[in-house]
Each structure stands twice: as structure tokens, then as C-alpha cells.
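A short reminder: the numbers here are calculations on the coordinates, not readings from a lab. Keep in mind that this is a model prediction, so the values were computed, not measured. As a convention, Cβ positions derive from the backbone with ideal geometry for all residues, glycine included, and neighbour counts pool all protein chains shown.
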Amino acid sequence: MNATQQLQDIFAAALSIPAAQVTNELSYQSIPEWDSVSHIYLITELEAAFNISIDTEEVLEMSSVEKVKETLRKHQIAID
């Protein structure tokens with residue numbers, strides 16, 4: 001499984017939404033499922049899956065799927 005598919009699966013699981021709903025435009029609090037609790041769960045899952053440590057500033061910046069991808073790229077994760 002490539003990193004992009006893995007990211008989509010992590011988002012879907014963390015937010016309890018269908019994978020098809022995970023698009024670059026999806027953003028924090030744009031749907032009821034993406035609240036502060038699921039955001040922390042999402043960060044935890046990303047750190048475990050990609051073996052990275054995401055700092056507090058990055059957590060606060062990760063306000064959309066696209067921003068999450070940008071953060072992963074900073075950690076040298078090859079993602080589309």
C-alpha cells in the first residue's frame with residue numbers, strides 16, 4: 001500500500017467516514033466527525049503509521065487533508 005492510500009485509510013478510520021469522503025478539500029471541523037478528539041486520534045495514528053513525531057505547531061497547522069500531506073512531506077514521506 002502506498003503512502004497516499006495509507007493516509008486515506010487513516011483519515012477514514014480516525015474520522016469514521018467512508019474513504020471516498022477523504023479529499024484534499026476536507027478540513028478540520030468542516031464535518032462533525034472531524035473534531036478536536038478525532039484530530040488528536042488522527043495525529044496519533046499518523047505518527048504510528050509513518051514512524052514520525054509531529055510537533056505541536058504542526059498539529060495546529062494540520063487543518064485539512066492537503067495541510068496534513070504538506071506536513072508528511074516535511075517528514076520525507078512520499079505522498080501525492
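Could you give the length gained by full extension between Ala19 and Val59, i.e. 0.36 nm per residue of separation minus their alpha carbon distance, to one decimal place?
12.2 nm
Simple spin-label model, 7 Å along Cα-to-Cβ: Tyr41 to His75 in nm?
1.8
Near Ser16, within a Cβ-to-Cβ distance under 13 Å, what is the net charge of the other residues, with Lys and Arg +1 and Asp and Glu -1?
Every neighbour counted, the sum reads -4.
For the chain, what are the per-bin percents of Cα-Cα distances with bins 5 Å wide, up to the bin holding the maximum?
The distribution over the chain is 3, 16, 32, 30, 15, 4, 0, given as percents.
When the dipole is taken about the Cα centre of the range 3-74, and only Lys, Arg (+1) and Asp, Glu (-1) are charged at their Cβ, what size is it in debye, to the nearest 20?
In debye, rounded to 20, the range 3-74 gives about 180.
Working out 0.36 nm times the residue gap between Ser27 and Gln5, then minus their Cα-Cα distance, what length gain in nm do you get to one decimal?
6.1 nm
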